[in-house]
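These notes concern the structure reproduced below.
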Amino acid sequence: MKLRGAAIVIETLIAHGVTDVFGYPGGAVLELYNELYSRSDRLRHILSCHEQGASHAADGYARATGRPGVVIATSGPGATNLVTGIATAYLDSSPLIAITGNVSSNLIGKDSFQEVDIAGITMPVTKHNYIVKRAEDIEDTLCEAFQIACSGRPGPVLVDITKDAQIAEVEFYGGSPKALFAVPETDLDAFEKASKLIDESEKPYIYCGGGVISSGAGKLLADFAERIDAPVGFSMMGLSAMDCDNPRKLGMTGMHGTYPAIKMNEEADLIIAVGVRFSDRATGDKDEYRKNTKIVHIDIDDAEINKNISCDVDIVGNISESLSALCKVVKKSSHAEWNALAENYKREAEAKFTGGFNPRSIIRAVQKFTGKNTIVATDVGQHQMWVAQYYRFSNPRTFLTSGGLGTMGFGMGAAIGASSANGAARTVLFTGDGSFHMNLNEFATAVRYKLPIVVIVMNNNVLGMVRQWQTLFYEKRYSQTVLDRVTDYVKLAEAFGGTGYKAANLEELQNALDGAFKSGGPVIIDCAIDRDEMVLPMIPAGGSYADAIYN
Amino acid sequence: MEIKNFTLSIIVTNKAGVLSRVIGLFSKRGYNIDTLYVGPKVEDSRHSRIIMTSSGDDATREQIIKQLRKIFDVQEVKLI
Ligand SMILES: Cc1ncc(C[n+]2csc(CCOP(=O)(O)OP(=O)(O)O)c2C)c(N)n1
Ligand SMILES: [Mg+2]
């Protein structure tokens, strides 16, 4: 069958099972949108307010579903508006396919209207990217783009297609997906070596990251923890890999980790790290982190081994397969005293909390309205860390947050992506007043598509996280972190066609949530909190676990 | 952490932009390029060969090789 290049793009997306795409039209993608028009019954397009919002939405869709998210933008400014979203997906290994139009091939390199070298710009933040100048190459390239985005360690791929390639008519072969690339075979000796360390360890600690979620290995990880009787700490990206009712779960580790996770991590004689990359935010001072412990590192990406932290044994390969193989060779053991220590730390941490209208009580109040399947997105700042610390996650892919890039503005887009994949189920966004102002235009998108998103603004009227550093390390010189904005979030929600509430205490919040969780469309709840609330514990940048500030 | 010189032979697919991918990796991750040669692979028009000398400690060298192997258009990386 002969089709125009633009039609081949859309048909190939449909052949890959894509049901929703996010994007924004423009001159260089007129052809794509024209072909989409006649296929809108088979492919839903969600029109954002800004390409950045669309890119985060596609990323959020991918994180929530495990299937690649697709974003479309025009050349020039449309394409550059995607860059933050692509980089966000790259740092968190999310399978994003970005499709951009470009000027016709005869105009390339002439500084033509709305021409940018988006492939050049995104080279450092994509797994791979393409410039396609011939219609004949579109089908294979797009199939390969999916293959690359989803194989091994997932990541974003950009496909830039010139306008003339979208117009030309060529043969279409069906666009069926190609098999994913094989993962390299795991070195079998590694299992022996790892199991020896694990069997000998008296204080084993499992450190679980986002790779466990990508690999669908949450259940295997819980079985493994059970077998070797070890507590489990998490990177922020890994938090939703394990049920919150599992007593082994210690919560997040690292700079703003929970007290039990930090302490157990610090005292372990063996860290079994699964699907993590030992980011500086997670380890603090690397020499100290490494000092009194052995490390087994399990990951799919060979380049992560010894990149940030050197390890004693590495197991490179598919994480699910590695964990089930390891489970078979390790001895069943018991570390009662070691686990009792974890319980002690948990009790100590619990005893510190006070009542009142504070970040923790707000998060716990929201959690009364949600279920284990509810998807929770955040923006970036103190509110994000509070959610990571206090929201009790249970199911993989329910926590969408920008970990590696720390992108303020991610949340609203991500919530839209998750919600559009999630039908009538409510999606919750915890955002900060600073972050929300970055992409709040997308609230209009949520209204337009009747997406039931409950936006909780943790409103401290400051750039709280930056201000916290100024409090602790810059003698309270609050340079440009006090917002003093007078935005009325209730009116804002209403102006966009949604619903807004204000909550200054738990009772008001309860009432607002009652309304919000009944509403069919998006809702904003403005929760006023104290600007001096801090995220604790905190390991100062570059410091070690022993330097953690607890009070 | 002793700094050593080493030479890499990198076989890449002959596609537009592949050299900038390789060079871009070095600038992005702060690795050194001391000398660089790019030419056709004998009797194989689909691939090119890059010969590069670089320097760094053992860990850096291992990282360079692994990161190069992750580039989609890189077919082979050898220490020579
Ligand atoms: C795009 C972007 N710009 C700047 C920063 C630096 N930054 C990190 S947290 C933060 C403050 C966030 O403020 P808010 O959203 O109100 O959250 P809060 O910390 O107050 O909860 C800033 C400015 C960032 N992470 N992302
Ligand atoms: Mg704030």
Tensor-based shape of region B:1-71 (alpha-carbon gyration tensor, a/c under 1.5 rounded, otherwise prolate or oblate): prolate
Just how far, in whole angstrom, is region A:264-329 from region B:19-42 if you go by their alpha carbon centroids? 30 Å
With each run of n ≥ 4 DSSP H residues scored as -39500 (n - 2.57), what mean residue ellipticity at 222 nm is computed for chain B after dividing by its residue count and rounding to the nearest 500 deg cm²/dmol? -10000 deg cm²/dmol
What FRET efficiency, computed as 1/(1 + (r/R0)^6) with R0 = 56 Å and r the Cβ-Cβ distance, is obtained for residue B:29 and residue A:507, rounded to the nearest 0.05? 0.60
For region A:359-528, alpha-carbon Rg over 2.2 N^0.38 Å: 0.97
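Once you list every other residue whose beta carbon is under 12 Å from the beta carbon of residue A:279, what net charge do they have if Lys and Arg are +1 and Asp and Glu are -1? Please report the intermediate quantities before stating the final value.
Numbers: positive: A:277, A:281, A:286, A:307; negative: A:92, A:280, A:304.
The answer is +1.
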Got a sec to turn the phi values of region A:328-342 into Karplus ³J(HN,Hα) couplings, 6.51 cos²θ - 1.76 cosθ + 1.60 with θ = phi - 60°, whole Hz, x for Gly and Pro? 6, 9, 6, 6, 6, 10, 9, 10, 4, 5, 4, 6, 5, 4, 4
Mean separation of Cα contacts under 8 Å, 6 or more apart, over the residue count of chain A: relative contact order %: 14 percent
Would you work out if region A:188-351 is rounded, prolate or oblate? Take a ≥ b ≥ c from the square roots of the eigenvalues of the alpha-carbon gyration tensor; rounded if a/c is under 1.5, else prolate when a/b is larger than b/c, oblate otherwise. rounded
Quick query: amide H of residue A:46 versus all other amide H atoms, modeled in the peptide plane; which residues come in under 5 Å with a sequence gap of 5 or more or a different chain? A:21, A:22, A:23
So, relative contact order of region A:188-351 in percent, Cα under 8 Å, 6 or more apart, is 30 percent
Running Debye on the protein assembly as shown with equal point scatterers at the Cα sites and no solvent, what base-10 log of I(q)/I(0) appears at q = 0.05, 0.09 Å⁻¹? -0.23, -0.77
Roughly how many whole Å is it from the C-alpha centroid of region A:221-250 to that of region A:52-80? 31 Å
Starting from the 7 Å offset along Cα-to-Cβ, what nm value, one decimal, do you get for the label separation of residue A:286 and residue A:340? 3.8 nm
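Using a/c under 1.5 as the rounded threshold, could you call region A:2-171 rounded, prolate or oblate? The axes a ≥ b ≥ c are square roots of the C-alpha gyration tensor eigenvalues, and prolate needs a/b larger than b/c, oblate otherwise. Display every interim value, and only then the final one.
Details: a/c = 1.41, a/b = 1.17, b/c = 1.20.
The shape class here is rounded.
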Any chance you could count the Lys pairs in region A:359-528 whose alpha carbons are under 23 Å apart, treating pairs 8 or more apart or on different chains as valid? 10
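Per the Kirkwood formula on distinct C-alpha pairs, the Rh of region A:82-230 is how many angstrom?
Details: mean 1/r = 0.0541 Å⁻¹.
Across region A:82-230, the inverse of the average 1/r is 18.5 Å.
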Residues meeting the amide H criterion for residue A:455 (H placed from the backbone, H to H distance under 5 Å, 5 or more places apart or on another chain) are A:429, A:523, A:524, A:525
Please report Rg (one decimal) and Dmax (integer) in Å for the Cα set of region A:488-551. 17.7, 50
So which chymotrypsin sites (Phe, Trp or Tyr not before Pro) in region A:331-395 are both in a DSSP loop and have at most 16 other Cβ atoms within 10 Å of their Cβ? A:353, A:369
Of B:4/B:41; A:219/A:332; A:2/A:133; A:219/A:291; A:127/B:28, which pairs sit farther than 20 Å apart, going by alpha carbon to alpha carbon? B:4/B:41; A:219/A:291
Suppose the Debye formula is applied to equal point scatterers at every Cα of region A:365-450; what is log10 I(q)/I(0) at q = 0.11, 0.12, 0.20 Å⁻¹? -0.27, -0.32, -0.91
If you take the charge dipole of the protein assembly as shown about its Cα centre, with +1 on Lys and Arg Cβ and -1 on Asp and Glu Cβ, which of A:515, A:422, A:121 is farthest toward its positive end? A:515
Rounded to the nearest 20 debye, dipole of the protein assembly as shown from Cβ charges on Lys, Arg, Asp, Glu: 640 debye
DSSP-assigned coil residues among GluC sites (Glu not before Pro) in region A:152-234, each with at most 10 further Cβ atoms within 10 Å: A:185
Taking a spot 7 Å from the Cα of residue A:517 along the direction of its beta carbon, which residues of region A:348-367 have an amide N less than 15 Å from it? A:362-367
Dipole of region A:160-270, positive end: most advanced residue of A:201, A:247, A:179 [Cβ charges, Cα centre]: A:247
Residue among A:408, B:27, A:32 farthest towards the positive dipole end of the protein assembly as shown, charges placed on Cβ: A:32
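How much mean residue ellipticity at 222 nm does chain A get from its helices, if each DSSP H run of length 4 or more adds -39500 (n - 2.57) and you divide by all residues, to the nearest 500 deg cm²/dmol? Intermediate values should be presented prior to the final figure.
Details: 24 runs with 216 residues, N = 551.
So the calculated ellipticity at 222 nm is -11000 deg cm²/dmol.
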In order through region B:42-48: 3J(HN,Hα) via Karplus (6.51 cos²θ - 1.76 cosθ + 1.60), integer Hz, x for Gly, Pro: 4, 6, 8, 6, 7, 10, 10
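For the protein assembly as shown, what proportion of DSSP beta bridges, expressed in % and rounded to the nearest 5, is antiparallel? Before the final figure, lay out each step's value.
Values: 27 of 92 bridges.
Here the share of antiparallel DSSP bridges comes out near 30 percent.
Looking at region A:330-387, which trypsin sites (Lys or Arg not before Pro) are DSSP coil and have at most 14 other C-beta atoms within 10 Å of their C-beta? Don't skip to the answer; put the middle values down first.
Details: sites: A:331, A:332, A:346, A:347, A:352, A:360, A:364, A:368, A:372; in loops: A:331, A:332, A:352, A:368, A:372.
For trypsin sites (Lys or Arg not before Pro) across region A:330-387 that sit outside H, G, I, E and B with at most 14 neighbouring Cβ atoms in 10 Å, the list reads A:331, A:332, A:352, A:368, A:372.
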Enumerate the calculated ³J(HN,Hα) couplings along region A:12-21 in order (Karplus 6.51 cos²θ - 1.76 cosθ + 1.60, θ = phi - 60°), each rounded to whole Hz, writing x wherever the residue is Gly or Pro. 5, 4, 4, 5, 8, x, 6, 10, 10, 10
Contact order relative to length of region B:1-76, as percent, for alpha carbon pairs under 8 angstrom and 6 or more apart: 47 percent
Under 13 Å from the Cα of residue A:203, which aspartates and glutamates turn up, not counting those fewer than eight places away in the same chain? A:229, A:266, A:267, A:269, A:337
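No value in this document is a laboratory result; all are computed from the given coordinates. Note that the structure is a prediction, hence the values are computed from the model and not measured. Heads up, the Cβs are rebuilt from the backbone with ideal geometry, glycines too, and the neighbour counts pull from every protein chain shown.
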